[in-house]
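J.: Dropping the structure in here first, questions after.
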Amino acid sequence: MNIELQDLFWLSLVSFVCLHWWQGQKVRETALRATRKRCEELDVQLLDDSVGLRAIWLKRDLRGSLRFWRSYQFEFTATGENRYRGRVVTLGQQIESIELDAHRF
(Lines give C-alpha, C1' and ligand atoms only; values in the text may rest on other atoms or scores of the structure.)
Protein backbone atom coordinates (compact mmCIF):
# COMPACT_ATOMS: atom_id res chain seq x y z
CA MET A 1 0.00 0.00 0.00
CA ASN A 2 1.54 3.25 -1.14
CA ILE A 3 0.48 6.58 0.26
CA GLU A 4 1.15 9.53 -1.97
CA LEU A 5 2.01 13.03 -0.83
CA GLN A 6 -1.28 14.34 -2.21
CA ASP A 7 -3.21 11.86 -0.05
CA LEU A 8 -1.33 13.03 3.04
CA PHE A 9 -2.10 16.64 2.16
CA TRP A 10 -5.85 15.99 1.87
CA LEU A 11 -5.91 13.91 5.04
CA SER A 12 -4.11 16.69 6.92
CA LEU A 13 -6.45 19.32 5.53
CA VAL A 14 -9.57 17.38 6.52
CA SER A 15 -8.10 16.73 9.98
CA PHE A 16 -7.33 20.42 10.46
CA VAL A 17 -10.86 21.45 9.41
CA CYS A 18 -12.42 18.92 11.80
CA LEU A 19 -10.17 20.04 14.67
CA HIS A 20 -10.95 23.70 14.00
CA TRP A 21 -14.71 22.97 13.94
CA TRP A 22 -14.50 20.98 17.20
CA GLN A 23 -12.52 23.73 18.95
CA GLY A 24 -14.99 26.30 17.62
CA GLN A 25 -17.89 24.42 19.19
CA LYS A 26 -16.15 24.48 22.57
CA VAL A 27 -15.56 28.23 22.28
CA ARG A 28 -19.18 28.78 21.23
CA GLU A 29 -20.40 26.91 24.33
CA THR A 30 -18.12 29.06 26.50
CA ALA A 31 -19.50 32.21 24.87
CA LEU A 32 -23.08 31.02 25.37
CA ARG A 33 -22.51 30.27 29.08
CA ALA A 34 -20.92 33.70 29.62
CA THR A 35 -23.79 35.38 27.75
CA ARG A 36 -26.42 33.59 29.84
CA LYS A 37 -24.64 34.65 33.01
CA ARG A 38 -24.39 38.30 31.90
CA CYS A 39 -28.06 38.37 30.91
CA GLU A 40 -29.02 37.02 34.34
CA GLU A 41 -26.83 39.65 36.03
CA LEU A 42 -28.50 42.45 34.04
CA ASP A 43 -31.99 40.97 34.48
CA VAL A 44 -32.68 40.62 30.76
CA GLN A 45 -33.84 37.56 28.83
CA LEU A 46 -31.58 35.87 26.28
CA LEU A 47 -33.75 35.14 23.24
CA ASP A 48 -33.49 31.89 21.28
CA ASP A 49 -30.94 30.68 23.87
CA SER A 50 -28.16 30.89 21.30
CA VAL A 51 -25.24 32.88 19.98
CA GLY A 52 -24.38 33.04 16.29
CA LEU A 53 -20.91 33.39 14.82
CA ARG A 54 -20.62 36.77 13.13
CA ALA A 55 -16.89 37.03 12.34
CA ILE A 56 -13.65 35.11 12.75
CA TRP A 57 -10.10 36.42 12.43
CA LEU A 58 -6.54 35.67 13.51
CA LYS A 59 -5.19 37.95 16.23
CA ARG A 60 -2.33 37.90 18.73
CA ASP A 61 -3.01 37.65 22.45
CA LEU A 62 -1.10 39.51 25.18
CA ARG A 63 1.75 36.98 25.07
CA GLY A 64 2.09 37.32 21.30
CA SER A 65 0.60 33.93 20.44
CA LEU A 66 -1.62 33.75 17.37
CA ARG A 67 -5.23 32.90 18.32
CA PHE A 68 -8.62 32.83 16.66
CA TRP A 69 -10.65 35.97 17.42
CA ARG A 70 -14.38 35.29 17.18
CA SER A 71 -17.35 37.61 17.38
CA TYR A 72 -20.75 36.14 18.24
CA GLN A 73 -24.08 37.93 18.06
CA PHE A 74 -27.16 37.30 20.20
CA GLU A 75 -30.55 38.87 20.87
CA PHE A 76 -32.14 39.75 24.18
CA THR A 77 -35.16 41.55 25.58
CA ALA A 78 -35.69 43.56 28.74
CA THR A 79 -39.44 44.18 28.51
CA GLY A 80 -40.61 41.23 26.43
CA GLU A 81 -41.72 43.50 23.59
CA ASN A 82 -38.57 44.64 21.81
CA ARG A 83 -35.57 42.64 20.60
CA TYR A 84 -32.10 44.07 21.10
CA ARG A 85 -28.73 42.84 19.90
CA GLY A 86 -25.66 41.98 21.88
CA ARG A 87 -22.17 40.83 21.04
CA VAL A 88 -19.67 38.57 22.76
CA VAL A 89 -16.03 38.51 21.62
CA THR A 90 -13.57 35.69 22.32
CA LEU A 91 -9.84 35.40 21.77
CA GLY A 92 -8.82 31.78 21.82
CA GLN A 93 -10.76 30.15 24.67
CA GLN A 94 -11.09 33.40 26.67
CA ILE A 95 -13.97 35.87 26.71
CA GLU A 96 -12.75 39.36 25.82
CA SER A 97 -15.99 41.32 26.09
CA ILE A 98 -19.77 41.12 26.21
CA GLU A 99 -21.67 44.16 24.96
CA LEU A 100 -25.40 44.81 24.97
CA ASP A 101 -27.15 47.50 22.95
CA ALA A 102 -28.91 50.29 24.84
CA HIS A 103 -32.33 49.03 25.87
CA ARG A 104 -35.44 49.99 27.87
CA PHE A 105 -36.07 48.74 31.36
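The values are calculated or read from the model by the stated rules, or taken from the named source; none is laboratory data. Quick caveat, the model's predicted, so the values are computed rather than measured. Positions of Cβ are backbone-derived with ideal geometry, glycine not excepted, and every protein chain shown enters the neighbour counts. All accessible areas refer to the heavy atoms of the entire protein, side chains included, with ligands and DNA or RNA removed. Shrake-Rupley method; radii C 1.70, N 1.55, O 1.52, S 1.80 Å.
J.: Hey, what's the chain come to in accessible area per residue, 1.4 Å probe, Å²?
T.: Per residue, the chain has 76 Å² of solvent-accessible surface.
J.: Give me the extension gain from Asp43 to Trp10: residue separation times 0.36 nm, minus the current Cα-Cα distance, reported in nm with one decimal.
T.: Gain on extension, Asp43 to Trp10, equals 7.0 nm.
J.: State to the nearest 20 debye the size of the charge dipole of the chain about its Cα centre, where the only charges are +1 on K and R beta carbons and -1 on D and E beta carbons.
T.: Rounded to the nearest 20 debye, it is 320 debye.
J.: May I pose another question? If N is the number of residues in region 2-105, what value comes out of its Cα radius of gyration divided by 2.2 N^0.38 Å?
T.: 1.38
J.: Next question, about the same structure. Roughly to the nearest percent, how much of the accessible area of the chain is carbon and sulfur, given a 1.4 Å probe?
T.: Using a 1.4 Å probe with all protein chains present, the chain comes out at 54 percent carbon and sulfur.
J.: Rounded to whole Å, give me the distance from the Cα center of region 60-79 to that of region 1-48.
T.: Using only Cα atoms to place each centre, the spacing works out to 13 Å.
J.: For the chain, what does the helix formula give at 222 nm: sum of -39500 (n - 2.57) over DSSP H segments with n ≥ 4, over the residue count, nearest 500 deg cm²/dmol?
T.: Value at 222 nm, helices only, nearest 500: -13000 deg cm²/dmol.
J.: Please compute the net charge surrounding Gly24, taking Lys and Arg as +1 and Asp and Glu as -1 over other residues with Cβ under 14 Å from its Cβ.
T.: +4
J.: Continuing with the same structure: Under a Cβ-only charge scheme (Lys and Arg +1, Asp and Glu -1), can you give me the dipole magnitude of region 48-93 about the Cα centre, in debye to the nearest 20?
T.: 440 debye
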